[in-house]
Amino acid sequence: MAIKEALAGIVGAENVTDDAETLKRYSRDGSFVQPRLPGCVVYPGNTEEIQGVVRYANERKIAVTPRSSGVSFHGATIPGQGGILLDLKRMNKIIEVDARNKKVKVEPGVTWAQVQAELAKQGLMVCNPLLPHPEKSVLTSALEREPILITKSEYSEVFQTGEMVLASGDLFWTGTAIAKGMKGQNFPDALIPSTRLFLGAQGTLGIITWANLKAEYLPAMDKLFFIPFERAEDVAEPVYRIQRRMLGNECFVLNSFNLAAILAGDWPGEFNALREALPPYTVIQCLSGLHRLPGEKIEYEEEALMEVAAELHFEPQRTVGGVPGLEGRILKMLRQPWAGEGYWKLRYRGGCHDVFFHTTLDRVAGFTAAMEEVAARYGYPTRDIGVYLQPLERARACFCQFGFHADPEDAAEVERVRKLYLEASRQVISLGGLFTTPYGPWADMVYSRAAAYTTVMKVVKDALDPNHILNPGKLCF
């Protein structure tokens, strides 16, 4: 029996395709990872269908690449060895919203646009990264450990517990969900297999069918401050001091390029005007209060913020660059996916290639100088680099993202930025930057330097997926 007919018997003929145009669409994404056609695309509608597909593939040693997001930018879902592309978009139910315990149970196809709109009805949100794509799976963001805007340590892990299909087709539960009587609970660790084993694994160890994600109450009141700086090296100490005082919720840093790309309505006219008017770097600090005395909470936090400002001689402002109504515009976006025309990262040239990693704030200036030096060598304008800095766990660490832009229709420009991207990535790792999700070419850079870790991960892979069918070629497998 042909593969397509066998899979149709599991999920229905209407949910299997080998149409050439469809295969081409799934063969590539917005990254520099080499395109590869899948043999077919399957759209399961429930856990049992996923199990059936995986069992069939495991018996015949056919590669299975799971995909839950409508968009992909880093090559994680390109089927490196062809086979079956398992698109989970039909599994898009918000199974349960538990406001009392601040959690939401979702299937893998639930998007950021879906989850934030539904939770807002109950005064809740999932703490989100910076303006995620509305079609991105909220579960994918959690599994990829995308940094969230709120710097509080207790919000650093969004993924709590979940159910997954292993390569054998058997079900497995993470955290306390592993005990059937505790399946609805959302504690990730209790001396039993941790959810952390599967974070960043890109579907190489199992396919998540549902997950409990941490939710939080929407603030009753917010007050935004914008703190302008001329140089990257001036940002670290003010942010350290603010975070040591445990002030506010969201706190992040954008350079003028990224902030202009987010704010611009008329394109490119307003974008060009904004990036000339905005300061080189802006710390965006949100003070928030929940439902008990929110005004008083913001008042004392503002007083503490001003004390830090006086000590270090910087000035928190209500706007920057003379932008009218800036607080309202940012607050409208802060806890939502991107809602503007064209995704903000792609507005400048149509394609964006991010080099992102973890370091500490006091080292950001050195990385910034290195990125600018590499860009200059390749003739890329340094003023066209988008910079986003996200303090993590009260600034214990820092997520750094440098965006390089290229027109996908201009082959020469794409090739120049590809070489720049690779050289910038090598420079980052040589300076000690930590790639926590080693996509594409980063995998070789990371695992060639971590022999012991790679050996352990291969043992885990062999135990959970002995035939190596799940997203082969990713990570160190």
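The values are calculated or read from the model by the stated rules, or taken from the named source; none is laboratory data. A quick note: this is a predicted structure, and the numbers were derived from the prediction, not measured. Reconstructed Cβ throughout: ideal geometry from the backbone, glycine too, with neighbour counts over all protein chains shown. With ligands, DNA and RNA removed, areas are computed over all heavy atoms of the protein, side chains included. Shrake-Rupley method; radii C 1.70, N 1.55, O 1.52, S 1.80 Å.
Please state the shape class of region 184-308: rounded when a/c is under 1.5, otherwise prolate if a/b exceeds b/c and oblate if not, all from the C-alpha gyration tensor.
Oblate shape, in that a/c is at least 1.5 and b/c is the bigger or equal ratio.
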Going out from 0 in 10 Å bins, what whole percent of all Cα-Cα distances in region 309-432 drops into each bin?
11, 33, 35, 20, 2, 0
Roughly how far apart, in whole Å, are the Cα centres of region 345-381 and region 88-130?
32 Å
Ignoring everything but the protein chains, give the 1.4 Å probe accessible area of Glu237 in square angstrom, nearest 10.
70 Å²
Nearby aspartates and glutamates by direct alpha-carbon distance to Lys297 (threshold 17 angstrom, same-chain neighbours under 8 apart not counted):
Asp222, Glu250, Glu307
Give me the Å³ per residue figure for the convex hull around the C-alpha atoms of region 13-166.
127 Å³
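Report the number of Lys pairs in region 335-477 whose alpha-carbons are under 23 Å apart, with separation of 8 or more residues or on distinct chains.
Values: Lys345/Lys419; Lys419/Lys474; Lys458/Lys474; Lys461/Lys474.
Count of close lysine pairs: 4.
Summarise the long-distance tail of P(r) for region 367-432 by giving the % of C-alpha pairs beyond 17 Å. Mind showing how you got there, number by number?
Values: 936 of 2145 pairs.
Here the tail beyond 17 Å accounts for 44 percent of pairs.
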Electrostatic dipole magnitude of region 193-298 [Cβ: Lys, Arg +1; Asp, Glu -1; Cα centre; debye, to 20]
580 debye
Three principal axis extents, largest first, for the C-alpha atoms of the chain, in Å?
73, 55, 45
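Which entries in Lys93/Lys332; Lys103/Lys136; Lys93/Lys223; Lys4/Lys214 show an alpha-carbon gap greater than 29 Å?
On the way: Lys93/Lys332 26 Å; Lys103/Lys136 19 Å; Lys93/Lys223 34 Å; Lys4/Lys214 38 Å.
Pairs exceeding 29 Å: Lys93/Lys223; Lys4/Lys214.
Under a 1.4 angstrom probe, counting protein chains only, how are Val158, Val417 ranked by accessible area, largest first? Before the final figure, lay out each step's value.
Working: Val158 20, Val417 0 Å².
Reading off the accessible areas and sorting them downward yields Val158, Val417.
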So what's the Cα pair-distance distribution over region 75-142, bin width 10 Å, in %?
19, 47, 23, 9, 1
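Listed highest first by mean packing, meaning other Cβ atoms within 10 Å per residue, what order do 377-387, 129-139, 465-475 come in?
Numbers: 377-387: 15.6, 129-139: 23.1, 465-475: 20.5.
Packing order, densest peptide first, comes out as 129-139, 465-475, 377-387.
Order these peptides, 142-148, 287-293, by their mean beta-carbon neighbour count within 10 angstrom, highest first. Each step should come with its number before you reach the end.
Values: 142-148: 22.7, 287-293: 16.0.
The peptides rank, most packed first, as 142-148, 287-293.
Would you please put 119-128, 446-455 in order of how densely packed they are, using the mean number of other Cβ atoms within 10 angstrom per residue and starting with the highest? Walk me through the numbers on the way to the answer.
Numbers: 119-128: 17.6, 446-455: 13.0.
The packing order, highest mean first, is 119-128, 446-455.
Express the carbon and sulfur contribution to the solvent-accessible surface of the chain as a percent, rounded to the nearest whole number, probe 1.4 angstrom. Display every interim value, and only then the final one.
Numbers: 10290 of 19630 Å².
Within the chain, the accessible surface is 52 percent carbon and sulfur.
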Please enumerate, by chain and number, the aspartates and glutamates with C-alpha under 16 Å from the C-alpha of Lys89, excluding those fewer than 8 residues away in the same chain.
Glu14, Glu48, Glu49, Glu107, Glu135
Suppose we keep just the alpha-carbon trace of region 1-100; what are its Rg and Dmax in angstrom?
14.2, 51
Just the accessible area for Arg416, please: 1.4 Å probe, Å², rounded to the nearest 10?
80 Å²
